[in-house]
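Working notes, structure below.
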Amino acid sequence: MQVSIACTEHNLKSRNGDDRHSKQNSSGPNVVNSARARFRTVAIIARSLGTFTPQHHISLKESTAKQTGMKYRNLGKSGLRVSCLGLGTWVTFGGQISDEVAEQLMTIAYENGVNLFDTAEVYAAGKAEIILGNIIRKKNWRRSSLVITTKLYWGGKAETERGLSRKHIIEGLKASLQRMQLEYVDVVFANRPDNNTPMEEIVRAMSYVINQGMAMYWGTSRWSAMEIMEAYSVARQFNMIPPVCEQAEYHLFQREKVEVQLPELYHKIGVGAMTWSPLACGIISGKYENGVPESTRASLKCYQWLKDKILSEEGRKQRTKLRDLMPIAERLGCTLPQLAVAWCLRNEGVSSVLLGSSNPEQLIENLGAIQVLPKMTSHIVNEVDNILGNKPYSKKDYRS
């Protein structure tokens, strides 16, 4: 509407100019008056639509942000805009929660401006992808309004159903798309490095699935900075498509990679960070303050490692630090989980933080971290750092 009004205004002004020229060669001002009348009519209509006043074009993402408070960032240095908070499906979809709760979570997220939904072929042995796809189909959300990401590595028990061979990348992604009932994903991630597959083969296969329209971008997960750099170099050498993002664990107690290694990669080759586990698998939520309750993630058989970590001396020290952080959260008028998520978001190198929620209340609470983000001043961040005592130092820090 803005463009058409501007064009109409331009055309009328041009026509006025022509009419004034004609006036000099004609006997009356009727043509000029008629043009001016038409222009006034257009102006009145435009004002009634609220678009006549010169202003910047308001995009859909900006209008969504105004309604929900959600912020949007570029995924690395790509042009893909993702909500700074995304919804992950690890452990929850097809595992901890029912399909009905999964639908509630996705609906709450989507209605609050979340456009990023992350899953993987290995989550609940493919069931998480099926549930995600069923919900998208049922809700009839525009596919273009969603950013769907999945990860490949563990696709099955057969030798050829795992890893990052060209065979598994292509077959694995086709199987994921079939489970999700989608024509493409926005980002396909290599879910860990594969030392059995040459890097050139991985990059060629990722470039192939993108060129075939099965994915828009590709990224890495749990890769080292050196491995990501190698993939980028191979892509540039053979004129193929480099990765745009690394998925990495990031929370109050896990900082080195996201704060030291990835910023350097971002500035050098444009690889961004999509982070997961902002509440350290629930440790920061406070649910494990008095042990490991039933129905929590740490109580599951396959998460014995998490239970051991919680009950260890390191876990006890972490809980002490969390209690010390509580007064800061109270001053900011938020909960400790909200402070922890906002702390992750305050890192400008982080494109999006993936939330993992097992119930609507928890998701709504975590989404509230958006409101805490403006309160994360340098003074507050320094207070948090002093309590944690684990701030990593980059080369830049040493030089300064």
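Structure data summary
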read-out: Computed E for Glu171/Leu146 - FRET, C-beta separation, R0 25 angstrom, nearest 0.05; value: 0.55
read-out: Per-residue Cβ neighbour rank within 10 angstrom, fewest leading, Cys344, Cys84; value: Cys84, Cys344
read-out: Ratio Rg/Rh, restricted to the range 68-217 and using Cα atoms, in which Rh is the Kirkwood radius; value: 0.97
read-out: In Å, descending, principal axis extents of the Cα set of the range 65-391; value: 53, 43, 43
read-out: Net lengthening on full extension, Arg316/Tyr393 (0.36 nm per residue, minus Cα-Cα); value: 25.2 nm
read-out: For the range 223-232, Karplus couplings with θ = phi - 60° (6.51, -1.76, 1.60), whole Hz, Gly/Pro x; value: 8, 7, 4, 5, 5, 5, 5, 5, 4, 4
read-out: Cα centroid of the range 190-215 to Cα centroid of the range 166-184, whole Å; value: 13
read-out: Net +/- balance of residues flanking Glu383 in space, Cβ distance below 15 Å, scoring K and R +1, D and E -1; value: +3
read-out: Cleavage-rule hits, chymotrypsin sites (Phe, Trp or Tyr not before Pro), the range 207-251, DSSP coil, Cβ neighbours within 10 Å at most 14; value: Phe238
read-out: Relative packing of 366-372, 352-358, which averages over residues the other C-beta atoms within 10 Å, highest first; value: 352-358, 366-372
read-out: Assigned charges on the beta-carbon of Lys, Arg, Asp, Glu; the range 79-196 dipole about Cα centre (debye); value: 240
read-out: Those chymotrypsin sites (Phe, Trp or Tyr not before Pro) in the range 308-400 that DSSP places in a loop and that have at most 15 other beta carbons within 10 Å; value: Tyr393
read-out: Hull volume in cubic angstrom per residue (convex hull over the Cα atoms of the range 156-231); value: 86
read-out: Label zone at Asp308 (point 7 Å along Cα-to-Cβ), backbone N below 12 Å, the range 209-246; value: none
read-out: Rough spin-label spacing in nm, given labels placed 7 Å along Cα→Cβ, for Asn195 and Ala158; value: 2.6
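Rule-based calculations on the coordinates, nothing more; no lab input. For clarity, every value in this text was computed on a predicted model and none was experimentally measured. Cβ coordinates were reconstructed from backbone atoms using ideal geometry, including for glycine residues, and neighbour counts include every protein chain displayed.
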